[in-house]
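Peer 1: This is the structure, below, for whatever I ask next.
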Amino acid sequence: MKKVIVVSGGTRGIGKAIVFKFAEEGFDVITCSRKADQLQTLEAEFVKKFPGSKLTGVQADLSKKEDVTSFVKKINEVTKRFDVLVNNTGVFLPGQIHKEEEGALEFQIETNLYSAYNLTRGLVQRMINEKSGYIFNICSTASITAYTNGGSYCISKFAMYGMTKVLREEMKPYGIKVTAVLPGATLTSSWEGAGLPDERFMKPEDVADAIFSTYSLSKNTVVEEILLRPQEGDIG
C-alpha cells in the first residue's frame, strides 16, 4: 500500500515544496487550500511531474472549524490510513500589538493555531490506533524570537510551538513522532515586496528536504525541532 501524506495549505511556498518532495519519494498526497484556482494550478503541475502518484485537493478554509471537519471527512473517504500529517496552514500579518488592526490576533490564532489543533484532533486517533505516524507542525523562528513587527503573528506561532511540545509528550506512548519545524525567512509570497535579493532567503525546497530527511530516520529516533535560518541570519 502506498504511503499517504496530508499537508494543509499545500498549494504555495513551503507547503507546495513539501507536497512535491514527498510525491517525488512515492507518496500519495492529500492537501487543501482556500482558493480553488490555486488547487487547480497545483493539480495540473502535479499530474505532469508525478504521474505515478495521486493528489487529492480539497477547497477548505481551515481557520473555520466546519471546514476542518469537512476536510477530515474527505480524508477519511479517500484513504484508510495516512502516514504523515503536516500542519502548514498559516498567514502572516505584520504589525505591533499596540497599533495593529482590530481582529489581527483572532484571525492569526484561528489560521495559525486552531487550524492545526482541530485538524490534529480530527486525525490523530487513526494514528493512535495504528501506533505509528508522524506529525510535523510548521512553526517559525517567530515561535522562539520576538520581532518588533511580529505582533499577533509571534503570539500565534509561540502558541503553535507550545502545542507541538505538548503533543510530542502525549504521543510518546503510541509510537507517533512529532516535530516542530521552525523556518526563518523563506522565499514565499509572505516576503513579496521586501526589496531583498532572492539569495537572502532560504528556499522552500530546503525546508521540505529537511523534513523528509527527518522523516526518514529509524523508528528509534525523533528530531524534536528543526530550526532553519538564512545563512546571513534573521531578517529584521
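The values are calculated or read from the model by the stated rules, or taken from the named source; none is laboratory data. Only a predicted model underlies this, so the values are computations on that prediction, with no experimental measurement involved. Neighbour counts are summed over all protein chains in view; Cβ atoms, including those assigned to glycine, are modelled from backbone coordinates with ideal geometry. These area figures cover heavy atoms from the full protein model, side chains too; ligands, DNA and RNA do not enter into them. Shrake-Rupley method; radii C 1.70, N 1.55, O 1.52, S 1.80 Å.
Peer 1: Which one is nearest to S140 (Cα to Cα) among residues in the stretch 220-236 that are free of Cβ contacts under 8 Å to residues at least 60 places away in the same chain and of a type in the set (D, E, K, R)?
Peer 2: Top of the filtered list is E225.
Peer 1: Please go through (1) of a type outside the set (G, A, S); (2) buried (at least 19 other Cβ atoms within 10 Å of the Cβ); (3) in contact with a Gly (Cβ under 6 Å, 6 or more places away or on another chain) for Q96 and return the number of the only condition it doesn't satisfy.
Peer 2: (2)
Peer 1: Next question. Could you tell me which of the residues Q59, Q96 is among the polar types (S, T, N, Q), more than 20 Å from F136 (Cα to Cα) and touching a Leu at 6+ places or on another chain (Cβ under 7 Å)? Walk me through it before giving the result.
Peer 2: Values: Q96 fails: touching a Leu at 6+ places or on another chain (Cβ under 7 Å).
Going through Q59, Q96 in turn, the sole match is Q59.
Peer 1: Filter the stretch 120-142 down to the residues that are open to solvent by 40 Å² or more (accessible area, probe 1.4 Å) and either part of a helix (DSSP H, G or I) or at pLDDT below 95 (or both) and list them by number.
Peer 2: Result: R121, Q125, R126, N129, E130.
Peer 1: Kindly provide the set of residues from the stretch 148-183 that are assigned to a loop (DSSP other than H, G, I, E, B), open to solvent by 10 Å² or more (accessible area, probe 1.4 Å) and not β-branched (V, I, T), ordered by number. Steps first, please.
Peer 2: Quick first cut of the stretch 148-183, residues assigned to a loop (DSSP other than H, G, I, E, B) only: 148-150, 175-176.
Filter once more, keeping what is open to solvent by 10 Å² or more (accessible area, probe 1.4 Å): 148-149, 175.
Once the filter is applied, which keeps residues that are assigned to a loop (DSSP other than H, G, I, E, B), open to solvent by 10 Å² or more (accessible area, probe 1.4 Å) and not β-branched (V, I, T), the stretch 148-183 yields N149, G175.
Peer 1: Here is a list: F71, F82. Which entry is under 22 Å from G133 (Cβ atoms), assigned to a helix (DSSP H, G or I), in contact (Cβ under 8 Å) with a residue 24 or more places away in the chain and within 18 Å of the chain's Cα centre (by Cα)?
Peer 2: Working: F82 fails: assigned to a helix (DSSP H, G or I).
Answer to the check: F71.
Peer 1: Output the residues belonging to the stretch 184-231 that are assigned to a helix (DSSP H, G or I), open to solvent by 20 Å² or more (accessible area, probe 1.4 Å) and either modelled with pLDDT of 95 or more or closer than 19 Å to T164 by Cα (or both). Give the steps one after another, and end with the answer.
Peer 2: So in the stretch 184-231, the residues assigned to a helix (DSSP H, G or I) come out as 189-191, 198-200, 204-215.
Imposing the further condition that a residue be open to solvent by 20 Å² or more (accessible area, probe 1.4 Å) reduces the set to 189-191, 198-200, 205-206, 209-210, 212-213, 215.
Selection gives E205, D206, D209, A210, F212, S213, Y215.
Peer 1: Also: Any residue in the stretch 66-73 that is surrounded by 22 or more Cβ atoms within 10 Å (Cβ to Cβ) and under 18 Å from D209 (Cβ atoms)? Before the answer, list the steps.
Peer 2: Here is the first cut: in the stretch 66-73, the residues surrounded by 22 or more Cβ atoms within 10 Å (Cβ to Cβ) are 68, 71.
Okay, now just the ones that are also under 18 Å from D209 (Cβ atoms), so none.
No: zero hits.
Peer 1: Name the residues in the stretch 48-61 that are under 15 Å from G10 (Cα atoms), assigned to a loop (DSSP other than H, G, I, E, B) and touching a strand residue (DSSP E or B) at 6+ places or on another chain (Cβ under 7 Å), would you? Let's see the steps before the verdict.
Peer 2: Our first condition is that a residue be under 15 Å from G10 (Cα atoms); within the stretch 48-61, this holds for 54-61.
Checking which are assigned to a loop (DSSP other than H, G, I, E, B) leaves us with 54, 60-61.
Matches in the stretch 48-61: K54, A60.
Peer 1: Take the residues in the stretch 10-21 that are more than 20 Å from K74 (Cα to Cα) and of a type in the set (A, V, I, L, M, F, W, C); name whichever of them is surrounded by the fewest Cβ atoms within 10 Å (Cβ to Cβ).
Peer 2: F20
Peer 1: Moving to a separate point now. Being open to solvent by less than 20 Å² (accessible area, probe 1.4 Å), aromatic (F, W, Y) and touching a residue at least 60 places away in the same chain (Cβ under 8 Å), is that true of even one residue in the stretch 27-50? Explain how you work it out, then say what you get.
Peer 2: Initially, the stretch 27-50 is screened for residues open to solvent by less than 20 Å² (accessible area, probe 1.4 Å), giving 27, 29-33, 39, 42, 46.
Still in the list and also aromatic (F, W, Y): 27, 46.
From the residues that got through so far, the ones that are touching a residue at least 60 places away in the same chain (Cβ under 8 Å) too are none.
No, every residue in the stretch 27-50 fails to be open to solvent by less than 20 Å² (accessible area, probe 1.4 Å), aromatic (F, W, Y) and touching a residue at least 60 places away in the same chain (Cβ under 8 Å).
Peer 1: Anything in the stretch 90-119 that is assigned to a helix (DSSP H, G or I), within 14 Å of M160 (Cα to Cα) and of a type in the set (A, V, I, L, M)? List them, or say none.
Peer 2: Residues satisfying the conditions are L105, I109, L113, A116, L119.
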